[in-house]
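Okay, so here's the structure we're looking at.
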Amino acid sequence: MADTFETAKAAADVVRVTYAEEKPNVDTELKADDEPDVVATTFSMRERLQSQRGDADAAFTRAPVMLDQTYVTPAETHNPIELHATTAVWDGSTLTLYEGSQGVFNLRGILAQMFGLPIESVRVITRFLGSGFGGKLWPWTHCPLAAAAARQLGKPVQLVVSRKMMFQTTGHRARTQQRVRLGATAEGKLVSLQHDYVYHRSVLDAHHEDCGEATAFQYSVPNLRVTFGRAKRNVGSTVDMRGPGAVPGLYATESAMNELAEQLNIDPVRLRVINEPKIDEELGIPFSSRHLLECFELGAEKFGWSRRTPAVGSMKRDGLTLGWGMAGCTWIAARFPAEASVQLRDDGTAGTARVACGTQDIGTGTYTILAQLASEKTGVPVGKVEVALGDTSLPEGPLSGGSMATASVVPAVFAAADSAIASLLSVATAAPGSPFERRKPEELTFEDGRIFVKADGTAAAVPFADVLRRANLRLITGSGKSEATFGNPKPKLSTHSFGCHFVEVTWQPEIARLRVSRVVTVMDAGRILNPLAGRNQIEGAVVMGIGMALLEHTSYDRRTGAPINSNLADYVVAVNADVPPIDVHFLDFPDKEINALGARGIGEIGLAGIAAAITDAVHHATGVRVRELPVKIEHLLG
Ligand code: MOS
C-alpha cells in the first residue's frame with residue numbers, strides 16, 4: 001500500500017498495460033450518423049427535426065435573395081485555473097467528499113447510487129470553486145475513484161486531475177458543423193431560415209449540444225426548419241461549456257445574418273430591426289420582457305456605429321485598418337428549484353443574520369448576492385450577514401449552471417426571510433415582558449430590522465435582537481422554498497435574456513497582426529442585483545469570446561485520438577494582452593415573470609454572439625470571411 005503520492009506514482013509507473021490498438025476516428029468533417037428521427041440524449045429523447053413551421057424549402061427556393069453557408073466551431077476544452085480535484089474521507093459507512101463541484105446535491109445523489117449508500121450517508125462540500133465553465137457541473141470518474149480508493153485504504157484520498165488529463169476525462173465542448181440557409185426579400189425581410197447542425201460526440205455518451213436552441217425564436221420568419229445530427233468520434237465525453245448549444249449556434253446564425261446584410265447592402269443592425277419578432281414565433285406566446293432593439297440602439301450609440309463605412313478596408317486609424325462588426329445574442333432565463341434558510345440572530349448588539357443554501361459560488365459572486373438578498377429583507381447590513389453555501393448539509397440549492405443560480409435563489413431566500421420574520425412577530429407577541437406582549441402578530445410589522453405596531457408607526461420600533469433577548473432566544477430560523485420554471489412544458493410567456501456586441505478590430509496587413517481593439521456590450525438581463533459582479537461576468541464572457549473567435553481549439557492526434565495541445569502553453573486562451581477595454585452596459589427592465597426582483601441570470605449570455613461580431617469585424621477589415629473558428633493568421637494571408 002502506498003502511503004505517499006511518490007510511492008503511488010512509482011507503483012503506477014511499473015504497471016504495464018497491453019491492449020490491441022485500433023485506428024481512432026477523429027475526423028473533423030462531420031456528417032450525421034445514420035440514426036432514427038428520434039434519438040436518446042443525456043437530457044431526454046429528442047426529435048432530430050427540432051423545430052419547423054411553414055415550408056422552409058419552398059420559401060428558400062423562391063426567395064429573391066439566398067444565403068447558404070456552413071459554419072464550423074472546434075472542440076473547445078474547459079480550462080478553469082483550478083484543476084478538478086477531490087478529497088474523499090470515510091467515517092465508517094459515511095462518505096464526505098471535498099470537491100470542486102457546480103452541483104453538490106447532484107454529485108451526492110450519484111455517489112450514493114454508485115456506492116449503494118443512503119443519500120444521508122454522503123456529504124459533498126464545495127466551499128469555493130476556482131471556476132468551472134460547465135466542466136464541473138456533473139461528476140467525472142475521479143470522484144468515485146477517489147472514494148473507492150479511500151474506502152479500500154481506510155484513509156482519506158486526494159485525487160487531482162492533471163491539466164493534461166482534463167483534456168480527456170472531464171469533458172469538452174463538441175465540435176459543430178452548421179449549415180445555415182437564409183432566404184429574404186430584397187428589402188431584407190426573412191422569408192425562410194434553415195439551420196441544420198451536426199456535432200461530434202464520444203462513442204459512449206449522448207450529450208446534446210443544442211445549437212438550435214435560439215434559432216426558432218430569435219427572428220421573425222414564417223418558414224423555418226431546425227434539425228440536428230450527431231457524429232460519433234473517438235474523443236472524450238462532450239459536455240456543457242458556458243452557453244452550451246446557443247453559443248456555437250448563435251455564432252452560426254448571427255454570422256449568416258451578417259453575411260446576408262452584406263449581400264443585401266443593408267446595415268446589419270437594420271437587418272435585425274427589420275426581422276425583430278413581436279412574439280416568440282416558435283411557441284406562439286409573448287416574451288416576458290424582450291428589449292433587444294433598445295440594446296442595439298444603446299450599443300450603436302456608445303460604439304459610434306453610425307460612422308461605419310461598409311466597404312472592406314475603408315476605415316483607418318493611426319495607420320491601422322479598422323474592422324467593425326456586431327451581433328445580437330440571447331440566453332435562457334429560468335429558475336431551478338431551490339431551498340434556503342434565513343436566521344435572525346441576537347449577537348448582543350443590533351442583530352445579525354445568516355443565510356444558507358446548498359448552491360455554489362463558482363466565482364460569480366453568489367456569496368455576495370445571498371448576503372445582499374438577506375440584507376434587503378432583514379435590514380441587517382450586508383457585512384453582518386453570514387452566508388453558508390456549497391454543502392449538502394444545507395437546504396437543497398440549485399446547480400451553479402445555466403446562469404440560473406441567482407434567479408433561482410431569490411424567491412427561496414425571500415420566502416425563508418419572510419418565514420423567519422413571521423416567527424419573530426409571533427415570538428414578539430408571546431414573550432413575557434416583550435413590548436408587544438398584548439398585540440396580535442398581524443398588528444405588527446417588520447422593517448429595516450425593527451418591529452413596530454403598524455398603526456403606531458416607527459416611533460416605538462424595537463430592534464429584532466431586543467425582542468429575541470426578551471424571549472430568551474439566541475436565534476430564529478425560517479425556511480423557504482421555490483419551484484422551478486425551467487422545463488415547464490406549457491409556459492405562458494417566453495423568458496430569455498437578450499443583448500448585443502459591437503466590436504472593433506485593428507488589422508496590420510504588413511505584419512499580419514490582428515487585434516480586438518474595442519468592445520461595447522449591452523445586456524437586457526432583467527434587474528441587475530450587483531452591477532459590479534454582473535459587469536465582471538459579462539467582461540469575463542467577452543474575454544472568453546475573444547478566445548473562442550481567435551484562439552481556442554482542441555486538436556486530436558489522428559494516430560492515437562489523444563488531444564495534442566493538452567496544456568496551457570498549446571491550448572491558447574485569451575490573456576490580458578489580447579483584451580481591449582470592454583464597455584458593458586445593462587438595460588434595466590426587471591422581469592417579474594422570473595422572480596419578485598425581476599433578476600435574470602448573466603453568466604453565459606456574454607459569450608453568445610461575440611464570435612460572430614468579431615468574425616464580421618475581421619471581414620470588414622480584411623475582406624476575408626472565416627467560417628471555421630478560430631480565425632487564424634493563415635486564413636488572412638491573401
Ligand atoms: Mo454553465 S455550461 O451551465 O456552467
If we scan the stretch 358-365, do we find a residue that is more than 16 Å from the ligand (Cβ to nearest atom) and either acidic (Asp, Glu) or touching a helix residue (DSSP H, G or I) at 6+ places or on another chain (Cβ under 9 Å) (or both)?
-> yes
Filter the stretch 391-413 for residues that are more than 15 Å from the ligand (Cβ to nearest atom) and outside any helix (DSSP H, G or I); the one that is farthest from the chain's Cα centre (by Cα) is SER393
Within the stretch 589-604, restricting to residues that are touching a Leu at 6+ places or on another chain (Cβ under 7 Å) and either within 14 Å of the ligand (Cβ to nearest atom) or not aliphatic (A, V, I, L, M) (or both), the one that is farthest from LEU493 (Cα to Cα) is PRO590
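Every residue, every condition in (1) more than 29 Å from LYS592 (Cβ to Cβ); (2) buried (at least 19 other Cβ atoms within 10 Å of the Cβ); (3) at pLDDT 95 or above, yes or no:
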{"site": "SER393", "(1), (2), (3)": "yes, no, yes"}
{"site": "PRO398", "(1), (2), (3)": "no, yes, yes"}
{"site": "ALA412", "(1), (2), (3)": "no, yes, yes"}
{"site": "ALA420", "(1), (2), (3)": "no, yes, yes"}
{"site": "LEU424", "(1), (2), (3)": "no, yes, yes"}
{"site": "ARG438", "(1), (2), (3)": "yes, no, no"}
{"site": "ALA460", "(1), (2), (3)": "yes, no, no"}
Checked against (1) away from the ligand (no atom under 16 Å from the Cβ); (2) crowded, with 21+ Cβ neighbours inside 10 Å, ALA206 satisfies every condition except (2)
Among the residues of the stretch 432-464, the number that are in a loop (DSSP other than H, G, I, E, B) and polar (S, T, N, Q) is 1
Among GLY598, GLY609, the single one that is in contact with a strand residue (DSSP E or B) (Cβ under 8 Å, 6 or more places away or on another chain), crowded, with 24+ Cβ neighbours inside 10 Å, at positive phi and small (Gly, Ala, Ser) is GLY609
Restricting the stretch 135-161 to residues that are of a type outside the set (A, V, I, L, M) and in contact with a Leu (Cβ under 7 Å, 6 or more places away or on another chain), the one surrounded by the fewest Cβ atoms within 10 Å (Cβ to Cβ) turns out to be PRO144
Restricting the stretch 107-121 to residues that are out of contact with any strand residue (DSSP E or B) (no Cβ under 9 Å at 6 or more places or on another chain) and of a type outside the set (Val, Ile, Thr), the one surrounded by the most Cβ atoms within 10 Å (Cβ to Cβ) turns out to be MET114
Expected output for the stretch 524-543 (first residue closer than 16 Å to VAL503 by Cβ, partner in a helix (DSSP H, G or I), Cβ below 6 Å, 6+ apart or cross-chain) is ILE538/GLY606; ALA541/GLY606; ALA541/LEU607; VAL542/GLY606; VAL542/ILE610
Check: Is one or more of the residues making up the stretch 96-110 within 19 Å of the chain's Cα centre (by Cα), in contact (Cβ under 8 Å) with a residue 60 or more places away in the chain and on the phi > 0 side of the Ramachandran plot?
Finding: no
### Message
For the structure I just gave you, tell me whether THR352 is within 16 Å of the ligand (Cβ to nearest atom) and either surrounded by 24 or more Cβ atoms within 10 Å (Cβ to Cβ) or under 28 Å from PHE446 (Cα atoms) (or both).
### Response
no
Per the filter on the stretch 290-311, residues touching a His at 6+ places or on another chain (Cβ under 9 Å), outside any helix (DSSP H, G or I) and under 23 Å from HIS585 (Cα atoms) are ARG290, ARG308
| query | Residues in the stretch 167-177: is at least one under 24 Å from the mean Cα position of the chain (by Cα), within 27 Å of ARG48 (Cβ to Cβ) and more than 16 Å from the ligand (Cβ to nearest atom)? | reply | yes
Filtering the stretch 241-284 down to residues that are away from the ligand (no atom under 16 Å from the Cβ), over 27 Å from VAL312 (Cα atoms) and hydrophobic (A, V, I, L, M, F, W, C) yields ILE279, LEU283
All-but-one check, THR429 against (1) farther than 30 Å from ALA525 by Cα; (2) part of a loop (DSSP other than H, G, I, E, B); (3) polar (S, T, N, Q), failing number (2)
Flagged in the stretch 370-390 as touching a residue at least 60 places away in the same chain (Cβ under 8 Å), crowded, with 23+ Cβ neighbours inside 10 Å and not polar (S, T, N, Q), in numbering order, are LEU373, VAL380, LEU389, GLY390
Just one listed residue, out of ALA612, ALA596, ALA608, is among the hydrophobic types (A, V, I, L, M, F, W, C) and within 24 Å of GLU29 (Cβ to Cβ), and it is ALA612
Going through the stretch 122-134 in order, the residues found to be part of a loop (DSSP other than H, G, I, E, B) and surrounded by fewer than 23 Cβ atoms within 10 Å (Cβ to Cβ) are ARG127, PHE128, LEU129, GLY130, SER131
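Residue-by-condition table, conditions (1) under 24 Å from VAL542 (Cβ atoms); (2) touching a Gly at 6+ places or on another chain (Cβ under 6 Å); (3) outside any loop (DSSP other than H, G, I, E, B):
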{"position": "ASN567", "(1), (2), (3)": "no, no, no"}
{"position": "VAL573", "(1), (2), (3)": "yes, yes, no"}
{"position": "VAL584", "(1), (2), (3)": "yes, no, yes"}
{"position": "ASP588", "(1), (2), (3)": "yes, no, no"}
{"position": "LYS592", "(1), (2), (3)": "no, yes, no"}
Just one listed residue, out of LEU117, LEU145, LEU137, is assigned to a helix (DSSP H, G or I) and either out of contact with any Phe, Trp or Tyr (no Cβ under 9 Å at 6 or more places or on another chain) or within 16 Å of the ligand (Cβ to nearest atom) (or both), and it is LEU145
Those residues of the stretch 566-595 which are of a type in the set (Val, Ile, Thr) and in contact with a strand residue (DSSP E or B) (Cβ under 8 Å, 6 or more places away or on another chain) amount to VAL579, ILE582, VAL584, ILE594
Considering only strands (runs of 3 or more DSSP E) wholly within the stretch 24-114, the ones with at least 1 residues that are over 21 Å from GLU209 (Cβ atoms) and β-branched (Val, Ile, Thr) are 65-73, 85-91, 94-99
Looking across the stretch 41-71 at residues that are among the small types (Gly, Ala, Ser) and surrounded by 12 or more Cβ atoms within 10 Å (Cβ to Cβ), the single one that is farthest from PRO489 (Cα to Cα) is ALA63
Exercise. Got at least one residue in the stretch 573-592 being of a type in the set (Phe, Trp, Tyr), touching a His at 6+ places or on another chain (Cβ under 9 Å) and crowded, with 19+ Cβ neighbours inside 10 Å?
Worked result: no
In the set GLY547, GLY480, GLY526, GLY487, the lone residue that is under 28 Å from VAL161 (Cα atoms) and of a type outside the set (Val, Ile, Thr) is GLY547
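The values are calculated or read from the model by the stated rules, or taken from the named source; none is laboratory data. Since the model is a prediction, treat every value here as computed from it, not as a measurement. Because the Cβ atoms are built from the backbone with ideal geometry, glycine has one as well, and the counts that use them run over all protein chains shown.
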